[in-house]
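Here's the structure we're looking at; comments come further down.
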Amino acid sequence: MNPILAIDFGRARIGAAISDELQLLAHPLETIAANERSAARVAEIVREREVDHVVVGIPRQLSGKMGAAVSETLGFVDKLRAILPCPVVTWDERLTTVAAHRALREAGKKTRATRGYVDQVAAQMILQGYLDRRQYAAQAGKLSG
């Protein structure tokens, strides 16, 4: 199997994480500057790593409503879909950045020192949630079938 790439889109930085080849575990990959080259860099990663598909976190509000950040993220998703040779799917990512900050703080990392890394950890959390849900769905299918 080929790995899955996850994206945590942000106005300043974009976190990227990648799965192992068994599509079971997510690992931080890199932080991409949010600029006119962002989509092209994602395309380079997809090509270099032979990515199966891309998962982009959608930052819904706690209530489930879509805020301003969602439309920016969906605009980036549209750019990716136009240039990538693989599918791009979206995934609810409520509070992953908050959870990433907490995890790094609990690991003893200072906030300033983790600025470039927190986006990768958020992408890792998005991807791990996605992978776990796929595993759960596959197991449930085996039990009911």
Checklist outcome for this item: For segment 1-60, the Kirkwood Rh over every pair of distinct alpha carbons, in Å, works out to 11.6 Å
Checklist outcome for this item: Place a point 7 Å from the Cα of residue 138 in the direction of its beta carbon; the residues of segment 1-24 whose amide N falls under 16 Å from it are 1-5, 19-24
Item to check | Residue-wise HN-Hα coupling along segment 39-56, computed from phi with Karplus coefficients 6.51, -1.76, 1.60 (Hz; x: Gly, Pro) | outcome: 5, 5, 5, 4, 4, 4, 4, 4, 5, 4, 8, 6, 5, 6, 7, 10, 10, 10
Item to check | Residues 8, 52, 20, sorted so that the one with the fewest Cβ neighbours within 10 Å comes first | outcome: 20, 52, 8
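Read-outs throughout are calculated quantities, based only on the coordinates presented, and are distinct from any laboratory measurement. Computed from a predicted structure; not experimentally measured. Counting neighbours? That spans all protein chains shown, and the Cβs are built from the backbone with ideal geometry, glycine included.
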